[in-house]
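Visitor: Supplied in structure tokens, the structure appears directly below.
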Amino acid sequence: MMALEGFRFRRGESFIHRSDPRAKFLLSFAFMMMAIAFVKLEFLLLIFTIQIAILANGRCLKDWLRSLKGLIPLIILIIAAQLLVSWSWVSAATYSLRFVVITSTMSWFLLTTSPDDLGLSLEQVGLPSDISFAFTMAIRFVPVISQEFQSVYDAQRSRGLELEKGSFIQRIRKYVPIIVPVFIETIRRTYEIADAMEVRAFGAKPKRTRLNTLIMRPSDWAISLIAVLLLVGTVCLYLFNIKVPLINV
Amino acid sequence: MVEIEAKDVWYSYRHGIDALRGVSLKIESGERVAIMGENGAGKTTLIKLFNGLLKPTKGEVLIDKISTRNISVAQISRKVGMVFQKPENQFFAETVEEEIAFGLRNFGFKDISKRVDEALAFASLERYRGKSPFSLSGGEKKRLAIATVMAWEPDALLIDEPTIGQDLSQKVHLATFLRDISSRGKTVVIITHDVDFAAETCERAVLLSKGVVVGDGKIEQIFSNLELMESASLLPPMIVPLLRRLGVKEFTKGLLGIDEAEKLIVQAAKR
Amino acid sequence: MLPLNVRNLTFTYDGNDFPSLLDINMKVEEGEFVLITGPSGCGKSTLCKSFVGLVPHSYPGKMEGDVEVFGLSVKERSVSDIATRAGLVFQDPENQLFTLSVENDVAFGPENLALPRDEIRKRVDWSTCAVRIQDLLHRAPFELSGGQQQRVAIASILAMKPTLLIFDEPTAFLDPVSAKSLFELISSLKKELSITVILVEHRLDMVAALATRVIVLDRGRIVLDGEPRKVLSDEALKKTGVGAPAVTRLCMNLRERGFELRVPIDIEEAAEELLKILGGMHLG
């Protein structure tokens, strides 16, 4: 659960917060592609440093670190696997860093982009408003559902349910009293939400207007341009196997 | 018989918010206590500490003089049963009797069938034995939730907001129900906003405000102290400000309800 | 045109054997403040839903009779059509707020109506001011207290500019002080905006004095309908399991004993009447 904290939006006024989600997405995607394509320690360190700078600008270093804590088991697994396969610490460091860089691209994007803006950007990119709205609402209700799991778990513990005890099969069965009530409550909740939406005329007109729309500022265009160049560059270098020092040599 | 004690308890949630700041109180066997205060004052946190779901950040919670840090939630729940605010949030079984049997099975009882029968009778839910818990009305679900806990006969019952969504006749039913339980020697602790219900059911009131105990004593003394009630964002029973306007200074528990007030007025009018 | 005209309404949910509403007839005039109350399960929520068309459009069932909102038939028109005339605020604020900022939630309704951006802006500013939450515009709903959340819900409904506002137990999840504050808000909104209000509530002691009319529902039928003092002092009320305010019941009991007093609906009136009986003398 703690790992998920590193992907949950936190409000802020920083440059990265105010940047357009579409630009941010392109950049984040570019970083991810570069980390996948070029497995070289120095290069990855460079991207890693840039991402730290982005996170620092957004003041979300703490949240990101928390997510890293949750990912430590996986990181150790990767290091161990690499050591077994290649007997090289450099290799282990490289692959584990690559994992961190890739998850961090998702992390800084989600930490600095409000789900409302995410939904809005999907809509402005052309997705039907129903779908983008469903997407935003799902994100908005995730903390509510997770709180519900906690409440139900508490209630069942107070009825003597002990998840830690018993055989594997017994333990799996013990999740039923937790999952069923949450499931039923969620379905019930959707009826109430649907009512509230209808009463605000959802579906009245085929196309909704928006109070706040996303406008690309010059800095957003700049970021998008850089991202596209990076992506094109990555694809070229990768496809044509061009070797460039620092990046893939 | 069970004794619940909080000793200088502090509790902070992860984000650094102090929910409870140095709360100390002791609840003896057989008491009927109402814990009250505005939303966010720390009431739910306190009872979760009482049944071990939460452990204090500082200080101790003692159940029969044993710290809750040293016993499991299951062990505590066996003695101190808790009924949550939204009972429908914990129903999952196909039938009402299965629902009641769940707790009994968890605690390892052998005479499950007998206890289920007794619980159904106590809550007047026999005709729903084989029905789905989801088919019950709001009031019946509340009774079922209490019955599932009473089935394993804990020594104390902690109930979070028993009267939300209940109408007057359901509340009267519930108040009688709780007084019945108390007369069997059980401790009853309720969190409630409903001052009239608290006056009907309890003899002691503990007021929490912003994580601190601001009042603890006989319910008639607490409820007739209008300044204290206001400081805890509570409204006293309607009768209280009325009687105060008419000059009443000392309140007995009876004066929190209309029957006594009526007698008092009739007597005074005769003079 | 009447804000609300319910004629011979009988409604049975699909799958139920018995109707939830039976032969409901009620007319609400402009400017009224109608309090609807009744024991659990009496049909209050179903009735509220029928006022805006959720029943029968979202909740299939057999509907006889009709509900007209400002002349529009709820059966024939869509919920969206009715939404600009009658607004409904529900019990649970959590399930009425869908976005991560108050501003977006309040704008949601006008956005659905595809209004031009400046109009949406105007409405958002106006309605948040009307419920006094203008400083909360950029906060996330989950950060707010229950009372504040309900205000956001009210603002988002007001932004649709309805002239009939219906509240279905809006304070169910609030503490008494927040509840009182919300009732005061509803009362002042009614005066400031000249709208008609229908409020469904259990907590009669707090609202009896605000209403111009009280309707009591029991098992799907209207059993009492009239002026608050008359209804709350009616013998039939006890049978339904609805509790009149404590001070009302006190004075009713004293009347039965032969004392002459008018029936009060709040503490002030009660104190006045009782002081008269006591000949100005004090108790205790």
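The values are calculated or read from the model by the stated rules, or taken from the named source; none is laboratory data. Keep in mind the model is a prediction, meaning the values are calculated, not measured. Virtual Cβ from ideal backbone geometry, glycine too; neighbours counted across all protein chains shown.
Visitor: Among the residues of segment C:122-143, are any within 14 Å of the chain's Cα centre (by Cα), modelled with pLDDT of 90 or more and under 28 Å from C:Val69 (Cβ atoms)?
Guide: No: zero hits.
Visitor: What's the number of the condition C:Glu76 fails, among (1) within 11 Å of chain A (Cβ to nearest Cβ); (2) not in a helix (DSSP H, G or I)?
Guide: (1)
Visitor: Which count do you get for residues in segment C:195-209 that are over 17 Å from C:Gly243 (Cβ atoms) and touching a Gly at 6+ places or on another chain (Cβ under 7 Å)?
Guide: Going through segment C:195-209 one residue at a time, the tally reaches 1.
Visitor: Same structure again: One residue is enough: does segment B:208-231 have a residue meeting the conditions of a type in the set (Ser, Thr, Tyr), more than 23 Å from C:Leu250 (Cβ to Cβ) and within 9 Å of chain C (Cβ to nearest Cβ)?
Guide: No, because not a single residue in segment B:208-231 is of a type in the set (Ser, Thr, Tyr), more than 23 Å from C:Leu250 (Cβ to Cβ) and within 9 Å of chain C (Cβ to nearest Cβ).
Visitor: Of all the residues that make up segment C:179-204, how many are part of a helix (DSSP H, G or I), facing chain B (nearest Cβ under 9 Å) and surrounded by 20 or more Cβ atoms within 10 Å (Cβ to Cβ)?
Guide: Here the count works out to 1.
Visitor: Something else: In segment A:114-123, what residues are in a helix (DSSP H, G or I) and under 14 Å from A:Phe25 (Cα atoms)?
Guide: A:Pro115, A:Asp117, A:Leu118, A:Gly119, A:Leu120, A:Ser121, A:Leu122
Visitor: Out of the residues in segment B:81-100 meeting the condition of being among the aliphatic types (A, V, I, L, M) and within 9 Å of chain A (Cβ to nearest Cβ), tell me which one is farthest from the chain's Cα centre (by Cα).
Guide: So the residue we want is B:Ala93.
Visitor: Another question about this same structure. Taking B:Lys186 as the residue in question, decide whether it is more than 14 Å from chain A (Cβ to nearest Cβ), over 30 Å from C:Arg249 (Cβ atoms), without any contact (Cβ under 8 Å) to a residue 12 or more places away in the chain and of a type in the set (D, E, K, R).
Guide: So B:Lys186 does not fit the description; no.
Visitor: Within segment B:18-46, track down each residue that is farther than 16 Å from B:Lys186 by Cα and of a type in the set (A, V, I, L, M, F, W, C).
Guide: Scanning segment B:18-46 gives B:Ala19, B:Leu20, B:Val23, B:Leu25, B:Ile35, B:Met36, B:Ala41, B:Leu46.
Visitor: Of the conditions (1) in a loop (DSSP other than H, G, I, E, B); (2) under 25 Å from B:Gly52 (Cβ atoms), B:Ala147 satisfies every one except a single condition; which number is it?
Guide: B:Ala147 satisfies all of (1) in a loop (DSSP other than H, G, I, E, B); (2) under 25 Å from B:Gly52 (Cβ atoms) except (1).
Visitor: Follow-up question, since we're still on this one. Considering only residues that are facing another protein chain (nearest Cβ under 7 Å), surrounded by 18 or more Cβ atoms within 10 Å (Cβ to Cβ) and modelled with pLDDT of 85 or more, which ones fall in segment C:248-284?
Guide: Those that are facing another protein chain (nearest Cβ under 7 Å), surrounded by 18 or more Cβ atoms within 10 Å (Cβ to Cβ) and modelled with pLDDT of 85 or more: C:Arg249, C:Leu250, C:Leu254, C:Ile267, C:Ala270, C:Ala271, C:Leu274.
Visitor: Now a separate question. Select from segment C:102-122 the residues that are in contact with a Pro (Cβ under 8 Å, 6 or more places away or on another chain), at the interface with chain A (Cβ under 7 Å from one of its Cβ atoms) and closer than 17 Å to A:Phe141 by Cβ and list them in ascending order.
Guide: Once the filter is applied, which keeps residues that are in contact with a Pro (Cβ under 8 Å, 6 or more places away or on another chain), at the interface with chain A (Cβ under 7 Å from one of its Cβ atoms) and closer than 17 Å to A:Phe141 by Cβ, segment C:102-122 yields nothing.
Visitor: If C:Leu88 satisfies every condition in (1) more than 18 Å from C:Leu182 (Cα to Cα); (2) within 9 Å of chain A (Cβ to nearest Cβ); (3) crowded, with 17+ Cβ neighbours inside 10 Å but one, which is the exception?
Guide: (1)
Visitor: Consider B:Leu46 carefully, then state whether it is touching a helix residue (DSSP H, G or I) at 6+ places or on another chain (Cβ under 9 Å) and either more than 14 Å from chain C (Cβ to nearest Cβ) or closer than 14 Å to B:Leu20 by Cα (or both).
Guide: Criteria not met by B:Leu46.
Visitor: A further question follows. Give segment C:236-268 a look and list any residue that's in a helix (DSSP H, G or I) and touching a residue at least 24 places away in the same chain (Cβ under 8 Å), or say none.
Guide: Within segment C:236-268, C:Thr240, C:Ala246, C:Val247, C:Thr248 qualify.
Visitor: Quick one: in segment B:221-247, of everything that is among the hydrophobic types (A, V, I, L, M, F, W, C) and not in a helix (DSSP H, G or I), which residue is surrounded by the most Cβ atoms within 10 Å (Cβ to Cβ)?
Guide: So, considering only residues that are among the hydrophobic types (A, V, I, L, M, F, W, C) and not in a helix (DSSP H, G or I), the one surrounded by the most Cβ atoms within 10 Å (Cβ to Cβ) is B:Leu234.
Visitor: Still on this model: Among the numbered criteria (1) more than 10 Å from chain C (Cβ to nearest Cβ); (2) surrounded by fewer than 17 Cβ atoms within 10 Å (Cβ to Cβ); (3) farther than 26 Å from B:Glu28 by Cα, which one does B:Asp180 miss?
Guide: All conditions are met except number (3).
Visitor: Return yes or no: is B:Val80 crowded, with 18+ Cβ neighbours inside 10 Å, closer than 30 Å to B:Glu126 by Cα and of a type in the set (Val, Ile, Thr)?
Guide: Answer is yes for this residue.
Visitor: Same structure again: Take the residues in segment C:234-243 that are within 14 Å of chain B (Cβ to nearest Cβ) and more than 17 Å from the chain's Cα centre (by Cα), then tell me which one is nearest to C:Leu275 (Cα to Cα).
Guide: Here the residue is C:Gly243.
Visitor: Being of a type in the set (Gly, Ala, Ser), free of Cβ contacts under 8 Å to residues at least 40 places away in the same chain and not in a loop (DSSP other than H, G, I, E, B): is that true of B:Ala74 here?
Guide: yes
Visitor: Turning to a different aspect of this structure: Is at least one residue of segment A:108-131 buried (at least 20 other Cβ atoms within 10 Å of the Cβ), in contact (Cβ under 8 Å) with a residue 60 or more places away in the chain, away from chain B (no Cβ under 14 Å) and over 30 Å from A:Thr209 (Cβ atoms)?
Guide: The answer is yes; a qualifying residue exists.
Visitor: Right, another one. Go through the residues of segment C:158-173 one by one and say whether even a single one is touching a Ser or Thr at 6+ places or on another chain (Cβ under 6 Å), surrounded by fewer than 21 Cβ atoms within 10 Å (Cβ to Cβ), assigned to a helix (DSSP H, G or I) and of a type in the set (A, V, I, L, M, F, W, C).
Guide: Looking through segment C:158-173, none of the residues is touching a Ser or Thr at 6+ places or on another chain (Cβ under 6 Å), surrounded by fewer than 21 Cβ atoms within 10 Å (Cβ to Cβ), assigned to a helix (DSSP H, G or I) and of a type in the set (A, V, I, L, M, F, W, C).
Visitor: Additional query: From (1) assigned to a helix (DSSP H, G or I); (2) in contact (Cβ under 8 Å) with a residue 40 or more places away in the chain, pick out the condition that doesn't hold for A:Val39.
Guide: (1)
Visitor: A further question on this structure: When you scan segment A:137-183, how many residues do you find that are over 25 Å from B:Glu153 (Cα atoms), within 11 Å of chain B (Cβ to nearest Cβ) and touching an Asp or Glu at 6+ places or on another chain (Cβ under 8 Å)?
Guide: So the answer is 2.
Visitor: Filter segment A:152-204 down to residues that are surrounded by fewer than 18 Cβ atoms within 10 Å (Cβ to Cβ), without any contact (Cβ under 8 Å) to a residue 40 or more places away in the chain and among the hydroxyl-bearing types (Ser, Thr, Tyr), then give me how many there are.
Guide: Total meeting the criteria: 4.
Visitor: Within segment B:114-132, take every residue that is outside any loop (DSSP other than H, G, I, E, B) and touching a residue at least 12 places away in the same chain (Cβ under 8 Å) and give me the one that is farthest from the chain's Cα centre (by Cα).
Guide: The selected residue is B:Tyr128.
Visitor: For C:Leu224, all conditions in the list (1) more than 28 Å from B:Gly40 (Cβ to Cβ); (2) touching a helix residue (DSSP H, G or I) at 6+ places or on another chain (Cβ under 9 Å); (3) free of Cβ contacts under 8 Å to residues at least 12 places away in the same chain hold save one; what is the number of the exception?
Guide: The failed condition is (3).
Visitor: Just to be sure, is C:Phe33 modelled with pLDDT of 95 or more and within 14 Å of another protein chain (Cβ to nearest Cβ)?
Guide: No: the conditions fail for C:Phe33.
Visitor: Out of the residues in segment B:136-177 that are among the basic types (Lys, Arg) and closer than 21 Å to A:Pro181 by Cα, which is surrounded by the fewest Cβ atoms within 10 Å (Cβ to Cβ)?
Guide: The selected residue is B:Lys141.
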